[in-house]
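Heads up: the structure comes next, in structure tokens.
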Amino acid sequence: HDVTVYEKSDRVGGRVIAGSIPKIKYELDNYRAYLERQLFEAVDNGQVKLNLNTEADLNMLKEQAYDSIVLAAGTVNSTPKLPGSDKIRTVQATDLLNDPSLIGDAANIVVVGGGVVGCETAYWLKYEHDRDVKVVEMLPYIMKGVCTANRGHLIYYLRKEGVELLNCSRVTGFDTGLVKINRNVSKGVPDPYNTWQPILPENIENPLAPKIGDDNVDETLAADLVVLALGGKPDSAMFFEAQKERAASEIFNIGDSFDAGKVLEATRAAQALAYSI
């Protein structure tokens, strides 16, 4: 195939770049570097045309008259609109990982979102930048859906260094130097540091699991910086527009712009699609 790649930034790798920044992610960084090297070798051999700092638009794609167009635009960050957002400094976790200077002189940092991105960022802030960190998560479980071994490892080291994990907690607003939360403190709330007890799939009911009550309290957390790790929604706008305009005989949407997932799903999907074209 005659392949052309368009990338709007000056580097290939997308969110894997940010995900490779913490030192504990060295294996992912090795994989990222391997893929980058493979691509550049293909470019040097004339097998692929790579256009960096080039944001593709629909007119450009139609003018080139491609037989197949593959959209892999990733996700759009979720940014909550909460009262007092203008009174405190906020930053997306991926932006912070890509540019650590955004930490500035912040000593107390609150990470909003206790998924894998939020917890890896909290670990990085604590172990590599020696900041006081708290993680706020709405769900009962921290890092739900993450591999049990990885989850246990990360939570153990977060606890070891005093990173406070606040599950069943919802951010309600901000003030100068403060994050306002509403936290469920009922006895049924799971211990966020408990990693020996497996998290059952949602379709399996555990009759012995304690019921989570509804004893909520309003609290405030001191913060010089708020890190948003709330995930994102698929950026599929160009895919649907390309379909509407019939920009090519074959149009595909893949990766996070189809459904936000992990590197494994993205790699498998890309391989399957490449073989099918």
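The values are calculated or read from the model by the stated rules, or taken from the named source; none is laboratory data. Every value quoted in this text rests on a predicted model; they were computed, and no experiment measured them. Every residue, glycine among them, receives a Cβ derived from its backbone with ideal geometry; neighbour counts consider all protein chains shown. Heavy atoms of the whole protein, side chains included, go into the accessibility calculation; ligands, DNA and RNA do not. Shrake-Rupley method; radii C 1.70, N 1.55, O 1.52, S 1.80 Å.
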>> Let me spell it out: the conditions are (1) open to solvent by 60 Å² or more (accessible area, probe 1.4 Å); (2) out of contact with any strand residue (DSSP E or B) (no Cβ under 9 Å at 6 or more places or on another chain), and Arg151 meets all of them except one. Which number is the exception?
In response: (1)
> Got a number for residues in the stretch 11-40 being open to solvent by 80 Å² or more (accessible area, probe 1.4 Å) and touching a residue at least 24 places away in the same chain (Cβ under 8 Å)?
Replying inline: 3
> Looking only at strands (runs of 3 or more DSSP E) that fall completely inside the stretch 184-277, which ones have 1 or more residues that are modelled with pLDDT of 95 or more?
Replying inline: 216-222, 225-228, 250-253
>> Quick check on the stretch 246-269: of everything there that is of a type in the set (A, V, I, L, M) and without any contact (Cβ under 8 Å) to a residue 60 or more places away in the chain, which residue is most open to solvent (accessible area, probe 1.4 Å)?
In response: Leu264
> Being farther than 29 Å from Asn108 by Cα, exposed (fewer than 15 other Cβ atoms within 10 Å of the Cβ) and among the small types (Gly, Ala, Ser), is that true of even one residue in the stretch 233-245?
Replying inline: yes
> Which residues, taken from the stretch 94-114, are of a type in the set (S, T, N, Q), in a helix (DSSP H, G or I) and open to solvent by 50 Å² or more (accessible area, probe 1.4 Å)?
Replying inline: Asn98, Ser101
> Val146: in contact with a Gly (Cβ under 8 Å, 6 or more places away or on another chain), open to solvent by less than 60 Å² (accessible area, probe 1.4 Å), free of Cβ contacts under 8 Å to residues at least 40 places away in the same chain and assigned to a strand (DSSP E or B), yes or no?
Replying inline: no
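For every residue, the table says whether it meets (1) over 22 Å from Ala247 (Cα atoms); (2) modelled with pLDDT of 95 or more.
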{"position": "Val12", "(1), (2)": "yes, yes"}
{"position": "Ile17", "(1), (2)": "yes, yes"}
{"position": "Ile21", "(1), (2)": "yes, yes"}
{"position": "Leu58", "(1), (2)": "no, no"}
{"position": "Pro80", "(1), (2)": "yes, no"}
> Which helices (runs of 4 or more DSSP H) sit wholly inside the stretch 1-76 and have at least 3 residues that are under 30 Å from Leu125 (Cα atoms) and over 19 Å from the mean Cα position of the chain (by Cα)?
Replying inline: 26-44
